Structure formats: structure tokens, C-alpha cells
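The values are calculated or read from the model by the stated rules, or taken from the named source; none is laboratory data. Here the structure is a predicted model, which is why all the values come from computation and not from measurement. Here the Cβ positions follow ideal geometry from the backbone for every residue, glycine too, while neighbour counts run over all protein chains shown.
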Amino acid sequence: MWFSLLVVAVIYALWKLFYKEDDPIDSLPGPAKLPIIGNMLDMFNMTPGEKFKYERQLSKTYKQRYMQKVFYRRIVYLHHPDDVEVVLSHSKNITKNVIYDFLKPWLGTGLLLSTETALGTKLDTDRSVNTAAYKDAISKIGQICIYRLSRIWLYIDAIFNRTSAGREFAKNVDIIHSFADNVIVQRKEQRLNSLDKGLVERDEFNRKKRTVLLDLLLEAEAKREIDLEGIREEVNTFMFAGHDTTGTALTFSLMLLSDHEEAQERILEEYNEVMRGKETPTLSEFAEMKYLDAVIKETLRLYPNPHRIGRVLTEDITLGGVPMRAGTEVCVLTIDLHYREDFFPEPEKFRPERFLRGEIQHPYSFVPFSAGPRNCLGQKFAMLEIKSVLTHICNNFKLVPMKRNWRVETVSDIVLKPAEPIYIKFVPR
């Protein structure tokens, strides 16, 4: 009981400290708000799937932008490209929002780099116990972060850390840190063995291996320019950014291709036309595969990752005539931006051709890798990785869905994910 009273007292103190009655953004439309607690109860007991649907409905109701309030927190949600451009193109409003603070015990302050090969060491196979535990830990951390996001009292670390969710979060962070530490140790041992034997590391084509990012970090550690904790933060970041994001994009791509046989055949036809019997595509040859590029972009439009982009304004701006002060939290709803019928006719349909016919009229109507000064550093690598996998699969297999014309339910996690397993039959060609 005393703990509950303490929680209420802390929440009330925070509300008194941060609540501003005269904030101009209170004029923005949005769902009805209760006194003091605002919209806290709107999604309190919703499942992740229900919450995701509710957010999509709000964007349909409020066509330009809307605001929700939870105690002292005011969050402005944006899904029109004009607003998105103002926020994402700003050179100084690049501070990320509260969910990134939740992830700091895991990712620290590491760069969001996207390349698993940057580790320079092969990770365990999918069948290994360590890898399974690592993947499960990432999934649980994502679920806990979304759970925490809708319960403002859990924003306070001292409270969150004493809850069952907080203890589960800490346990899974330990699992991930242990996995990352093993990757670092493996690479250190490989480097030492090569140096001791005077060997030059070579790849599967017997070419001298390029210096990878983890090697650069280890060299910086030897010069005392970074410590092991800093290396771990970076390793955690590229393992997550280079695995979960690309993995979900490939999952959705394969799902859509399995349901559109004509798209598979067109990818194969284009590949054969460009390659003319050659086996391994070069960067320039991948660049010639315009339809393949359009398929991937259409997949990322329908299932964007990230599906939301959070920012905290560090300078005052104006959106639609409404002044927004520094400190205002804004959230770009990428998925609702990508489903706007005024920019994407028949937005529910899989139509790769829209990216071939010049239908994309606004540069900020399609932002699957964010945009502006904080866009994804690994987007070109990610696109290349997806192209490589899809062409290999389409060359060797025909994809057949286990059920036709499905519309998979998605849930909000750190990345957008299918709510249920996706089953596809791979038929050898």
C-alpha cells in the first residue's frame, strides 16, 4: 500500500512540475482527454494488436496531425509528408524520444549501424542454444518496451526496476550482453591467432579480408580510445540493426511474393536479362534491376521498418500554424504516412509499379529508412542484402502461399512484426 501511495505521489509531483496549461499544442485535435491523466486509460489494457489497430484508426480520424496527453507528456502524432519534412529535415531537432532511453541499458549510445558482417566473425547457427536465447531476449525486450511505453509510472527507472517487467528486462539484457561479449572474444582470438602465425585472413574466394568495423574498434581499444563497454554497445547495435530489421523486411517480401506469382516471374525475367548467364551480380548489375528495387520499396511501404519515428524538439517550430516549443515530443507514424490515399492510390494493394511510374510525388511521403540528418546509415547495405537474398531465392524456388490473398495482422514492437507465423512453401524450380 505504501509503495502504491509513493507511486501516486511521484506521479502527481511530476505532473505539477511539467504540466503547462497554456501550451499551444493543446489546440490540436485528438481523442477526448480526462482531467490530469489525459489519454492514459485509452490503451491501458489493450493487447499489442489492439493498440496497433487503435492507432491506425486515430490516423484515419485525424487526417493531418493529432495530440495525445498522458499526465505531463504531450505527444504530437504526424502522418502528413509536409509535417514529416519539417521535422525530419531539421538539422537540429534530432534528439530521439523516450523509447530510446528505455533501450539504453541494452544498446547504450551505439550508432544504429546496419551490417552483421561488420563483426568479422560468424555468429552461431540458428540451431544453437545461444542464438535462440539471444533472439528470444530481443523479442522479450521489445515487448517490455511497448508495455512500459503505455504506463507512465514505469518511465521512472527506480519504479520500473522493482517490477516483474523490470526484472525480466534486466535478465534479457544480461543474455544479450553475454552474447555480444562472446562475439568480441571470438574475434579477438581470431586476430591473435592470425598474428601469432603470421597469417593473412582470407575470405571464401581466397581474397584478403577487408578490415571490418569490429577490428577497427579493437584497434581503438588497444590505443585506449574506447573501452570494452563501448565496443559492446556498438556490437549490440549492429547485431540488432543488421538482423531484426532486415529479417522482418525479408519476411514480408517473401510473403507478398508468394501471393503474387507474376511478381516472382518478373523478378526472375529481369534477373536473367541483366545477368546474361553470369552467376554473381555486381553492384551495378543490382542497380539495373529496377523492378526488384520497386518490389522491395513497395514491401517497405506496406510494412515499414521503423513504423514510427520519435523525436523531441530541441528548437521551436511551427506546423500548420501551430507553434511547437522546444521539448515537445513528436512521433512520425510512418505506416500511416505510407497508407495515405492522397499520395498512394489504392494503398492497401501491393503495386510495385507505383515506384516505376513516377507516382511518388512528395519526397517525404515514403520514408522507410527515416530521412534527413538521422536517416539510416545502413540503408544501402540493407537494400543490397535484401536484393541478394530475394534474387537467389527466386532463381531457385517458386514461392507458394499456404493460403491465398491473406492479410497478415501486424503488431507494434521495436520493429513492425507479423502477429502470427507466416507459412510459405518453397518449391524447387
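The condition of being in contact with a His (Cβ under 7 Å, 6 or more places away or on another chain), over 24 Å from T61 (Cβ atoms), not in a strand (DSSP E or B) and not basic (K, R) holds for only one of F366, F350, that being F350. Cβ separations smaller than 6 Å between residues 6+ apart or across chains give the following pairs from the range 322-335 residues that are more than 28 Å from K297 (Cα to Cα) to residues that are part of a strand (DSSP E or B): M324/I317; E329/I75; E329/V312.
Test V173 against the stated conditions and say whether it is at pLDDT below 85 and not assigned by TED's automatic domain parsing to the domain that holds H307.
Values: at pLDDT below 85: no; not assigned by TED's automatic domain parsing to the domain that holds H307: yes.
It is false that V173 is at pLDDT below 85 and not assigned by TED's automatic domain parsing to the domain that holds H307.
Each row is one residue, and each column tells you yes or no for (1) over 26 Å from S89 (Cβ atoms); (2) under 18 Å from the mean Cα position of the chain (by Cα).
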site	(1), (2)
E225	yes, no
G247	yes, yes
D259	yes, no
I267	yes, no
D316	no, no
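Yes or no: T125 surrounded by 14 or more Cβ atoms within 10 Å (Cβ to Cβ) and either of a type outside the set (G, A, S) or modelled with pLDDT of 90 or more (or both)? So T125 fails the test.
The set of residues in the range 16-43 that are at pLDDT below 80 and not in a loop (DSSP other than H, G, I, E, B) comprises K16, L17, F18. Could you check how many residues of the range 44-79 are assigned to a loop (DSSP other than H, G, I, E, B), buried (at least 16 other Cβ atoms within 10 Å of the Cβ) and in contact with an Asp or Glu (Cβ under 9 Å, 6 or more places away or on another chain)? Final tally of qualifying residues: 1.
Taking residues in the range 151-168 that are farther than 20 Å from L41 by Cα, and partners anywhere that are of a type in the set (F, W, Y) and not in a loop (DSSP other than H, G, I, E, B), the pairs with Cβ atoms closer than 7 Å and at least 6 places apart or on different chains are G166/F160. Confirm whether F426 is exposed (fewer than 14 other Cβ atoms within 10 Å of the Cβ) and among the aromatic types (F, W, Y). When the stated conditions are applied, F426 passes them.
Scanning the range 320-343 for residues that are closer than 27 Å to K417 by Cβ and either in contact with a helix residue (DSSP H, G or I) (Cβ under 7 Å, 6 or more places away or on another chain) or not assigned by TED's automatic domain parsing to the domain that holds L302 (or both) turns up V330, V332, L333, D336, L337, H338, F343.
Scan the range 312-332 and tell me whether some residue there is of a type in the set (S, T, Y), surrounded by 16 or more Cβ atoms within 10 Å (Cβ to Cβ) and within 22 Å of V87 (Cβ to Cβ).
Taking the range 312-332 first, the residues of a type in the set (S, T, Y) are 314, 318, 328.
Among the residues that remain, those that are also surrounded by 16 or more Cβ atoms within 10 Å (Cβ to Cβ) are: 328.
Right, trim to within 22 Å of V87 (Cβ to Cβ) and you get 328.
There is at least one residue in the range 312-332 that is of a type in the set (S, T, Y), surrounded by 16 or more Cβ atoms within 10 Å (Cβ to Cβ) and within 22 Å of V87 (Cβ to Cβ).
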